[in-house]
Amino acid sequence: MFLKTRTNFFPSFDESSDVLHIQKNDTLQKVRMEKGLYEEFLGILGEFNGGSSADLDGKSTDYKRVLKFCLNQGLLDQPLHDNEPFLLRYVENAYDDYRAVWDKIVSTPVDVIDAPPSISRLLNENGLQTGEGEKRTIRWIDGDGHADPGDFVILHDNGHHAFFIHENERDLHLAKGLVQRERSGGPLELGRRVAGVRALAEWVKYIVDPHRKKLVHVLYDTGESAVMGKADVTSTFPLYERTFLDVDPDLSFIQKLEGRWTSFHSLDVSINEGDPEFPVHLHVAPYEIRFQDFTHRSIDYEYKDAAIHALTRGIEGYLGSIDNSGWVADYSKERFYIRGMIPFLGKTGEFVELAPLPARYEERIGLILAQTDSINKIAVILETLFREDVFVLYLVDQDRRVLYKGTAEIELGRELSRALAWVTGHLLNGLEVIEGTLEGSFRAIPFPLEQKTPSDIHEELTRELSDIPITESAWIYQGDVEDAGLYVGKFERGDAG
């Protein structure tokens, strides 16, 4: 019987306890073994290291015991071929049931599309078939291109490579952003040399488990980074102890978050790329952040205010666009929990009109009215969610057409300024501002001169919802943004027990 030592494990021996440790792929096995048997074990591994015929004539009982142990544990095995291609050696070492895995690989017909000759040759030399049956596609994309759903894509850009299963354009967009982000100045020899081998290994993973969570593997000049794809970015930690900094957002806060987002390997993020639809910045300051193909634009009268809002609420909007189930992002502990808990009140608030308004807001409304002939009045409407302390702000015109609708907020002055800036910026750039109508007549209340503190609102809201089990789970990447002062999580109804 011809046997060969496999290379998917690493042995070590603890002499103090006579325990053999076998690290095998992702598992650690411990076996009690005397020192003499361990030496026999090492001798057997060395004997069959390059492959050899097993001959038991004249062998000791200890030799036979250890040989049987190695066979039972899959540390020795009969190779499938005398002259094994790289892919078979990889499968043998990566999978205990490698024979079934190899059968699946060689029985899966493959179409290799647009790959350079060196890549195509490597794939064919390693047992990938092109016969009859339901074919899988391995598609090479050089810079720009198109892929069909289900294709295994090898994306090449300036020496960098990404390997992934293509499900939709978001995946291709993510991979392009990742490979273009880490350029080092020119074509990369290392990436070119190992791309084919790395592609083979990744292809096997998808053949073995096509329903596994989607990953994009990116090969840079310094090595490989495994990056979570779109389906995984909404994962959470059910148990996570947050460190709340409650920062006073300033320029350093903006700079920290900008640095976090633009270096974020798990998402393609860009800031203020420039929107041709929004060229005029007179009177207002826009700030844009893009996560994948989702863009969030905040507009305010001060650049700092627009930046803070976009850098925090942008990720909330992106996660909500994928999984609309209670995502909140904020830099204030109280506001983070208030905004997360509000949806569980389960009731529609009263609509009220704020009148009269302080002079500074009337002046800004006057500037808006001077820009357009179609709007001759702007009213401020609040939908009160928790008394008048938590609200959604609307701006409506003389015909009750909605010009702006916000989200649940607790700072009236700050939200009203942001709403007026939003309408101003859109009108200056000729963009649509009508978002339906808000019918009915509303009770008028004066602009609140005093508001409760976020701490008081949080405490009262917690008492109001004390009978409802609410769970909050931290975003899977909370640790990457927490020291910058941002808190991202998902609020859900928990179990009553």
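The values are calculated or read from the model by the stated rules, or taken from the named source; none is laboratory data. Just so it is clear, the model here is predicted, and its values are computed rather than measured. Cβ placement follows ideal geometry from the backbone for every residue including glycine, while neighbour counts extend to all protein chains displayed. Remember, those area values only see protein heavy atoms, side chains included, never the ligands or the DNA or RNA. Shrake-Rupley method; radii C 1.70, N 1.55, O 1.52, S 1.80 Å.
A few remarks follow.
- F9, sole failed condition from (1) open to solvent by 60 Å² or more (accessible area, probe 1.4 Å); (2) under 30 Å from L88 (Cβ atoms): (1)
- Per-region count, the range 390-407, residues under 20 Å from K452 (Cα atoms) and open to solvent by 20 Å² or more (accessible area, probe 1.4 Å): 1
- Residues of the range 328-376 satisfying the condition of being outside any helix (DSSP H, G or I), over 20 Å from L412 (Cβ atoms) and either open to solvent by less than 40 Å² (accessible area, probe 1.4 Å) or not polar (S, T, N, Q) (or both): A329, G346, K347, A370, T372, D373, I375
- In the range 273-312, the residues that are aromatic (F, W, Y), in a strand (DSSP E or B) and surrounded by fewer than 19 Cβ atoms within 10 Å (Cβ to Cβ): F294
- Subset of the range 159-175 (residues that are surrounded by 15 or more Cβ atoms within 10 Å (Cβ to Cβ) and either in contact (Cβ under 8 Å) with a residue 40 or more places away in the chain or at positive phi (or both)): G159, H160, H161, A162, F163, F164, I165, E167, R170, D171, L174, A175
- Of the residues making up the range 256-272, those that are surrounded by fewer than 13 Cβ atoms within 10 Å (Cβ to Cβ) and either over 18 Å from G317 (Cα atoms) or in contact (Cβ under 8 Å) with a residue 60 or more places away in the chain (or both) are G259, S263.
- Every residue from the range 377-389 that is surrounded by 21 or more Cβ atoms within 10 Å (Cβ to Cβ) and of a type in the set (S, T, N, Q): none
- In the set E492, E432, only one residue is free of Cβ contacts under 8 Å to residues at least 60 places away in the same chain and out of contact with any helix residue (DSSP H, G or I) (no Cβ under 6 Å at 6 or more places or on another chain); that residue is E432.
- Within the range 414-497, strands (runs of 3 or more DSSP E) holding 2 or more residues that are open to solvent by less than 40 Å² (accessible area, probe 1.4 Å): 470-475, 487-493
- Scope the range 430-464; condition at pLDDT below 85 and of a type in the set (S, T, N, Q); matching residues: S441, Q451
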